[in-house]
Ligand code: GLU
């Protein structure tokens, strides 16, 4: 099976501190009531599970996993499951909070959640991966459900992992429950267009950002960090849209060719069969850190959080950053980039395409009525471009960064929902 490779460098700093700092800055600016701010600063539920798995050699290994619900004011909670050695409770908390804002920016009727297991999925056999996934699904079974918490793929997980979780949940409930999870294979209720959705959303948002900045996407140079599902799809679609993709990377390193890397689809195939980096490809072999600092028009960090930080932000030469990853830029780096006039399209807007099509998948499952791919892509385009416009309008009025504008929109929507519902009892 294929899994998304975890990215380059270990993340800098603590993503949960960063996520809270981003919220605090905007809540202060918006004059959010201190009680409400405390609600938003906390995750509502934090579930940790240590569970045993029988390995192929007969030994038993105990894995640690998490499922965190940040906020459910706007609906059932939504967010991916990550398999990576970098997973920690603080990382999952941050990712859950970012899901709350992402769903709110896109106007989806979901709250935010995230989960993960501390594991390198590439180090397990398919059988071990399946047993680990099924046991983890059983352990978080008390939290997930079509009306409660709907997981999805993230780094290190894919449609097959989602299928095992869907099946495990269905076995435990005595009936098929496709709407319990999104990002499934189409054969069991997945949505067409879901695999490419995050990368396609990155394309749509980049088109809008270029328009807003008076910059042509055609011929613009692009560097993409991360060649997993998001990075590879974004690179391919940006290339097809006329941009010149000059650098891509995976966890092994990066390749750079100032004249463009050519056919990205061929690179995707090459990564699948031989790996991205080994010899033979035209282009220079550079490091992930060097890729971030290339003199390009558009930089798409599509790997881990904390990649652009206080230590390298000053050296970023891209005119525009479109955040395919969650949390790739620390607050300290954000301030430096803003001072230097770099236009940053924030993660909660830029990579919302995945959860938008997850929403379509959930709706299709609940109705058992499935859409054509062109309809999925069209609706995705409409929703993500509308979200961009709403954020851009706030930005035009309030100034600051585009991230602050996106947060203002998201926080306002979550606060409104919380106020309408009131505090129980
Ligand atoms: N893991 C993806 C994200 O970070 C998708 C989440 C979802 O579809 O629920 O946005």
Does the stretch 220-254 hold any residues that are outside any helix (DSSP H, G or I), more than 16 Å from residue 294 (Cβ to Cβ) and without any contact (Cβ under 8 Å) to a residue 60 or more places away in the chain, and which are they?
-> 241, 242, 252
Scanning for something within 19 Å of the chain's Cα centre (by Cα) and within 16 Å of the ligand (Cβ to nearest atom), does the stretch 362-375 turn up at least one residue?
-> yes
Answer from 59, 64, 48 - the residue that is modelled with pLDDT of 95 or more, surrounded by fewer than 15 Cβ atoms within 10 Å (Cβ to Cβ) and under 17 Å from residue 131 (Cα atoms) | 59
Residue list for the stretch 399-410, filter: touching a helix residue (DSSP H, G or I) at 6+ places or on another chain (Cβ under 6 Å) and part of a helix (DSSP H, G or I) = 402, 404, 405, 406, 407, 408, 409, 410
Pairs, first within 14 Å of the ligand (Cβ to nearest atom) in the stretch 140-155, second at pLDDT below 95, C-beta under 7 Å, six or more apart = 155/4; 155/6; 155/228
Could you give every pair whose Cβ atoms fall below 7 Å, whose first residue belongs to the stretch 48-59 and is free of Cβ contacts under 8 Å to residues at least 60 places away in the same chain, and whose second residue is part of a strand (DSSP E or B) and loosely packed, with under 12 Cβ neighbours inside 10 Å, counting only separations of at least 6 or pairs across chains?
-> 50/62
Just one of 89, 95 is within 13 Å of the ligand (Cβ to nearest atom) and under 24 Å from residue 303 (Cα atoms); which is it?
-> 95
Which one of these does residue 105 not meet: (1) within 13 Å of the ligand (Cβ to nearest atom); (2) in contact with a strand residue (DSSP E or B) (Cβ under 6 Å, 6 or more places away or on another chain); (3) not in a strand (DSSP E or B)?
-> (2)
Number of the condition not met by residue 259 [criteria: (1) surrounded by fewer than 16 Cβ atoms within 10 Å (Cβ to Cβ); (2) out of contact with any strand residue (DSSP E or B) (no Cβ under 8 Å at 6 or more places or on another chain); (3) without any contact (Cβ under 8 Å) to a residue 24 or more places away in the chain] = (2)
Residue 262 being more than 16 Å from the ligand (Cβ to nearest atom) and closer than 30 Å to residue 409 by Cα | no
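The values are calculated or read from the model by the stated rules, or taken from the named source; none is laboratory data. Predicted, not measured: the structure shown is a model, and the values here were computed from it. Counting neighbours? That spans all protein chains shown, and the Cβs are built from the backbone with ideal geometry, glycine included.
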